[in-house]
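The values are calculated or read from the model by the stated rules, or taken from the named source; none is laboratory data. Keep in mind that what you see is a predicted model, and the values were worked out from it rather than measured. Cβ sites come from the backbone with ideal geometry, for glycine too, and all protein chains shown count toward neighbours.
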Amino acid sequence: MEKADIKSMTLPKLEAFCAQQGLAKFRAQQIFQWLHQKQADSFEQMTNLPASLRKTLAEICEISGISIRRKLVSQIDGTTKYLYEFADGQTVESVLMQYQHGYSLCISTQVGCRMGCRFCASTLLGLERSLTPAEMLNEVYMAGKDSGQKISSIVLMGIGEPLDNFDNVMDFLEILSSPQGLNLSLRHVSLSTCGLVDGIYRLMEKKLQLTLSISLHAPNDEIRSQTMPVNHKYPMDELLGACREYFKQTGRRISFEYALIEGVNDTPECAQQLSQKLKGMGAHVNLIPVNPVKERDYRRSSRDRIRRFQQILEQNHITATVRRELGSDINAACGQLRRDDKGGRSC
């Protein structure tokens, strides 16, 4: 019999599970706190549960684990990149970054990705499977344990498309923000999507207080369709229409990610087109020098071209910042460490 993935259960789901086992409701809260506050990795550690109950839980449930397969620490800024391994041998990446406000962790939501964005290393090996809530939580818990630091913010911008793993991501967020768990406010969580419009509308209905980031990376359909296959299904006007409705319904300003590729999407004309697309949205644009991917021939824009692009946006009353680059000496861009490990090559 397959064991129940107890760490993936939200508190209401765990309460329902315990009720099915004939257990009192308070037992669910005890177990939940052991799993997510004390981060127990075995039922034997749950010392305020009767020994007979611990034995029964071990027989019918599993507490999923995670291990560090590789760890790289930047000598420049202390950024730490983890290659995590799950019980089935699959691997994902997380990146721990230090800012003035504290430590931020970028986590993966899938093993691989099927979105096919041409400038991204994460998609080169395709999608293997989605992560469970427990596996995403384990990325957070392990980074905290290994670094000895309190994680103050989470970014769902690693390997995978979060809205392609919608239900598991929603359960992850519920557990993460639970007062009986880490109690991390969703105001300190950012979720990045390549633009799955149906997922944006589903997320809108949740009215969560997280920050929604759209990986836009183009000012028009022609360029976006060349670099991001998702645009064939959800063209820019449809995507931006969903973003306007999301802002209207939630009151949460949307951030747009824009990776600048030399000669592709970084011209002054592109900056003007982007300004017109985002006009009146109260949008924030995060400009990103594209990370080199050796399987692609894209090159990052020069500092002068990036600065000019930013100036044009600001002249059109669009707030724009250039992302601070961290971990450049350890290939901190998502997907590269997993890809090299999968191919049997050293990083």
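For segment 143-153, enumerate the residues that are assigned to a helix (DSSP H, G or I) and surrounded by 19 or more Cβ atoms within 10 Å (Cβ to Cβ). Walk me through it before giving the result.
Residues of segment 143-153 that are assigned to a helix (DSSP H, G or I), as a first pass: 143-147.
Matches in segment 143-153: Ala143 only.
Of the candidates Leu83, Leu49, the single residue that is among the hydrophobic types (A, V, I, L, M, F, W, C), at pLDDT 95 or above and farther than 30 Å from Tyr99 by Cα is Leu49. Of all the listed residues (Glu245, Glu222, Glu238), the sole one being surrounded by fewer than 18 Cβ atoms within 10 Å (Cβ to Cβ), farther than 30 Å from Glu174 by Cα and either charged (D, E, K, R) or touching a residue at least 24 places away in the same chain (Cβ under 8 Å) (or both) is Glu222.
Only residues that are buried (at least 19 other Cβ atoms within 10 Å of the Cβ) and not polar (S, T, N, Q): list them for segment 198-219, please.
Hits for segment 198-219 are Gly199, Ile200, Leu203, Met204, Leu208, Leu210, Leu212, Ile214, Leu216, His217, Ala218, Pro219.
Kindly indicate whether any position in segment 154-176 is outside any helix (DSSP H, G or I) and either closer than 19 Å to Gly241 by Cβ or of a type in the set (Lys, Arg) (or both). No, because not a single residue in segment 154-176 is outside any helix (DSSP H, G or I) and either closer than 19 Å to Gly241 by Cβ or of a type in the set (Lys, Arg) (or both).
Would a scan of segment 114-134 turn up a residue that is touching a strand residue (DSSP E or B) at 6+ places or on another chain (Cβ under 8 Å), within 15 Å of Asp41 (Cα to Cα) and surrounded by 24 or more Cβ atoms within 10 Å (Cβ to Cβ)? Yes: one or more hits. The listed residues are Asp88, Asp41, and the only one of them that is surrounded by fewer than 20 Cβ atoms within 10 Å (Cβ to Cβ), closer than 25 Å to Leu173 by Cα and either without any contact (Cβ under 8 Å) to a residue 12 or more places away in the chain or within 20 Å of the chain's Cα centre (by Cα) (or both) turns out to be Asp88. Run down Ser94, Ser108, Ser104, Ser67 and say which single residue is loosely packed, with under 15 Cβ neighbours inside 10 Å and modelled with pLDDT of 95 or more. Of Ser94, Ser108, Ser104, Ser67, the one residue that is loosely packed, with under 15 Cβ neighbours inside 10 Å and modelled with pLDDT of 95 or more is Ser67.
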